[in-house]
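So the structure is just underneath, and the comments pick up after that.
The values are calculated or read from the model by the stated rules, or taken from the named source; none is laboratory data. If you're wondering where the values come from, they're calculated on a predicted model, not measured in any experiment. Reconstructed Cβ throughout: ideal geometry from the backbone, glycine too, with neighbour counts over all protein chains shown. Surface areas here come from the heavy atoms of the whole protein model, side chains and all, with no ligands, DNA or RNA. Shrake-Rupley method; radii C 1.70, N 1.55, O 1.52, S 1.80 Å.
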Amino acid sequence: MILEVPTKELTRRIQAVAVETSVPYTQADAKAHREKHREDRDELGRLRDEFYDSLFARADALFELTDALLCAGEPVRTLVELSLTGEHRRGHGALYDGLGCGRIDFDRLRRSLSTLTLPRDHDGRIVLAVDISAWLRPDAPTSPQRAFCHVYGRGKNAAQLIPGWPYSFIAALEPGRSSWTAVLDAVRLHPDDNETAVTAIQIRDVVTRLQESGQWKEGDPDILLIFDSGYELARMAFLLADLPVVVLGRMRSDRVLWFPAPPPGRTGRPPRHGAEFRFAEHQSWPTPAATTNTGTDRYGTATAQAWNRLHPRITHSGSWAEHPGPPPIVEGTVIRLTVDHLPGDRNPTPVWLWFSDPDVGAGEVDRLWQLYLRRFDLEHTFRLFKQTLGWTAPKIRSPEAADRWTWLVIVAHTQLRLARPLAEDLRRPWEKPAPPRRLTPARVRRGFSRIRQAMPCPASAPKPTRPGPGRPTGSKNSRLAPRYDVGKRRTTDNDGSKRRRRTG
């Protein structure tokens, strides 16, 4: 039987063969490709072994739960559905028992994540984004340690305070536009915690681990910390002044800063502050120290203006209430960024940034606001955590179990990042092909089950067992779970005196 091939199809095949024969593909290139593939596979295998070794109790159940999270084809809606996957060889009782009674060495996991290959900027700088994401639990009165989480609404003035567990995340950002980040740490904030103090301690621990693992060495560029609005940037720069870090963050558009104080006069108290710089009043703006205009494909022309040596007025209140001596002067550089338009033809408003270095040139101003835009890559990670990996889907009662599930999600996301060069593009028919090593996390998760087949599984096989008798038929639970209030429980002396006066 003779098969007739259309002329266009025959021409395409001939051209493809001609291209393949014309491209030089030496044996050395094939060997380098195999070597790189083996290194990527070995790094993923080391992380899996280190993760299993950090599980002290219910290790097999927690490890298989993480594999089920990675190999489940659909987004995670409920926790019990993960027990139906082939990678989870145990029953659903072991799943909940692992989260409720398991033990994880979080410090060992943090050290393991710090030793992995991290993304860096073009000049070799490590860029870390810091942000808080909330696990909302408004309908869980029996769950302790819930705080009021600030949630932004879609409409104007639609922000709300909803009970939940807030988590502070630190992740390393990639240089280009990407939906990938390398999550290094997560800490749950308690209701009585000072967010600035806890975040500063968390950053100090992360930077220390990066130094101990050799990720940062003497002579390397300072680590850049990027914050969104809501953080006390001056306080953060003051607390981390002894570390090789610089702080970059966004400020509200109604802030007021001050220039350095003028020379003292012959009489009177020497001034601590100079002229005012009001963000909302352009009459108070002097000539900027640097002005740049950059053309972009998404925002049109981006204009950045920078003013050096500006500081906020610090008083003994808030996080500075217990500061000994006079309040310090923390100077930095203010950057005002304006663009022509935003996607969707919205009217853009200026963005105000504060950088902890008081002397910044024109060349660095452009680089700083571009690095700040990379901070929004962390929002893609939060969306993946919640909508695909089901971070906030389980109805867990205890915060300790929530911490275990959070770290299982972080380890799963890290395995996806390490498996990115090993995954195939299993795209849907309506999806566009992705360039090599540029797959999205969702596409890597589609093919992770194939990658897992070639990886060793340290978890042991389940033992045959029978389910327990459970609660007798007709009996009721006589021990009701206690209920907990939401928010801070710590009171000050002033609050106590007012309460005594009211009751007396």
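Highest mean first, what order results for 281-294, 72-85 on Cβ atoms within 10 Å?
Packing order, densest peptide first, comes out as 72-85, 281-294.
Quick one: length gained pulling Phe56 to Tyr152 fully straight, 0.36 nm per residue minus the C-alpha distance?
Once the chain is fully extended between Phe56 and Tyr152, it gains 30.7 nm.
May I ask you to derive the FRET efficiency for Arg266 and Asp242 from their Cβ-Cβ distance with R0 = 45 Å, giving the value to the nearest 0.05?
Values: r = 38 Å, r/R0 = 0.84.
Plugging the Cβ-Cβ distance into 1/(1 + (r/R0)^6) gives 0.75.
Using mean Cβ contacts within 10 Å as the protection proxy, how do 125-137, 167-179 order, highest first?
Descending packing order for the listed peptides: 125-137, 167-179.
Find the relative contact order for the chain and round it to a whole percent, using C-alpha pairs within less than 8 Å whose residues are 6+ positions apart.
Reported relative contact order: 18 percent.
Charges only on Cβ, +1 for Lys and Arg, -1 for Asp and Glu: so what's the dipole of the stretch 249-308 about the Cα centre, in debye to the nearest 20? If you can, show how the numbers build up before the last one.
Values: 8 positive and 4 negative charges, 65 e Å.
Roughly 320 debye for the stretch 249-308.
Give the shape of the stretch 129-279 as rounded, prolate or oblate, defined through the alpha-carbon gyration tensor: a ≥ b ≥ c are the square roots of its eigenvalues, a/c under 1.5 means rounded, and otherwise the shape is prolate if a/b is larger than b/c and oblate if not.
Oblate shape, in that a/c is at least 1.5 and b/c is the bigger or equal ratio.
Taking the stretch 276-319, which trypsin sites (Lys or Arg not before Pro) meet the DSSP loop condition and have no more than 12 other C-beta atoms within 10 Å?
Values: sites: Arg278, Arg298, Arg309, Arg313; in loops: Arg298, Arg313.
When the trypsin sites (Lys or Arg not before Pro) of the stretch 276-319 are filtered for loop state and at most 12 Cβ neighbours within 10 Å, Arg298 remain.
Tally Lys and Arg at +1 and Asp and Glu at -1 over the other residues with C-beta under 9 Å from the C-beta of Ala171: what net charge comes out?
Residues close to Ala171 contribute a combined charge of -3.
Can you pull the one-decimal nm distance between simple spin-label points at Asn194 and Phe106, each 7 Å off the Cα toward Cβ?
Using points 7 Å along Cα→Cβ, the separation is 2.0 nm.
With point charges of +1 on the Cβ of Lys and Arg and -1 on the Cβ of Asp and Glu, referenced to the Cα centre of the chain, which listed residue (Asn293, Ser112, Ala275) lies farthest in the positive direction of the dipole?
Ser112
Summing +1 for each Lys or Arg and -1 for each Asp or Glu, what net charge is found among the other residues whose Cβ lies under 11 Å from the Cβ of Arg428? Working shown, then result.
Working: positive: Arg427, Lys432, Arg443, Arg446; negative: Asp425, Glu431.
Value of the local net charge: +2.
Under the Karplus relation 6.51 cos²θ - 1.76 cosθ + 1.60, θ = phi - 60°, what is the ordered set of whole-Hz ³J(HN,Hα) values for the stretch 53-59, x standing for Gly and Pro?
5, 7, 8, 8, 9, 6, 5
What order do His122, His92, His190 take when sorted by accessible area (1.4 Å probe), most exposed first? Let's see the in-between values first.
Working: His122 150, His92 110, His190 75 Å².
These residues rank, largest area first, as His122, His92, His190.
If you put +1 on each Lys and Arg Cβ and -1 on each Asp and Glu Cβ, how big is the dipole of the stretch 199-285 around its Cα centre, in Debye rounded to 20?
460
Bin width 10 Å, origin at 0, all Cα-Cα pairs of the stretch 232-387: what percent of pairs per bin?
Per 10 Å bin, starting at zero, the Cα-Cα P(r) for the stretch 232-387 comes out as 9, 33, 34, 18, 5, 1, 0 percent.
So, in nm, how far is label Glu322 from label Glu218 when the simple model puts each one 7 Å beyond its Cα toward the Cβ?
About 3.4 nm separates the two model spin labels.
Could you pull out every one of the aspartates and glutamates with an alpha carbon less than 15 Å from that of Lys463, ignoring same-chain neighbours closer than 8 positions?
Asp60, Glu64
Could you check the spin-label model distance between Arg252 and Leu480? Points 7 Å from the Cα along Cα→Cβ, value in nm.
Going from the Arg252 label point to the Leu480 one covers 4.1 nm.
Using r as the Cβ-Cβ distance of Arg450 and Arg204, and R0 as 45 Å, what FRET efficiency do you calculate, to the nearest 0.05?
E(calc), rounded to 0.05, equals 0.65.
Once you list every other residue whose beta carbon is under 10 Å from the beta carbon of Arg188, what net charge do they have if Lys and Arg are +1 and Asp and Glu are -1?
Summing Lys/Arg as +1 and Asp/Glu as -1 gives -3.
Tell me the Kirkwood hydrodynamic radius of the chain in angstroms, computed as one over the mean inverse distance between distinct C-alpha pairs. Write out the running numbers ahead of the final one.
On the way: mean 1/r = 0.0377 Å⁻¹.
Across the chain, the inverse of the average 1/r is 26.6 Å.
Based on Cα positions only, what radius of gyration and what Dmax would you give for the stretch 330-414, in angstroms?
Answer for the stretch 330-414, Rg first and Dmax second: 19.0, 52 Å.
Would you please give the FRET efficiency between Thr303 and Trp430, computed as 1/(1 + (r/R0)^6) with r the Cβ-Cβ distance and R0 = 41 Å, to the nearest 0.05?
About 0.60, to the nearest 0.05.
Ranked from highest to lowest mean number of other Cβ atoms within 10 Å per residue, what is the order of the peptides 358-366, 224-232?
Ranking the peptides 358-366, 224-232 by packing returns 224-232, 358-366.
Note down the magnitude of the dipole of the chain about its Cα centre, charges +1 on Lys and Arg C-beta and -1 on Asp and Glu C-beta and zero elsewhere, to the nearest 20 debye.
So the magnitude is around 1940 debye.
Report the full-extension gain for the segment Thr294 to Thr349: residue separation times 0.36 nm, less the Cα-Cα distance, to one decimal in nm.
18.1 nm
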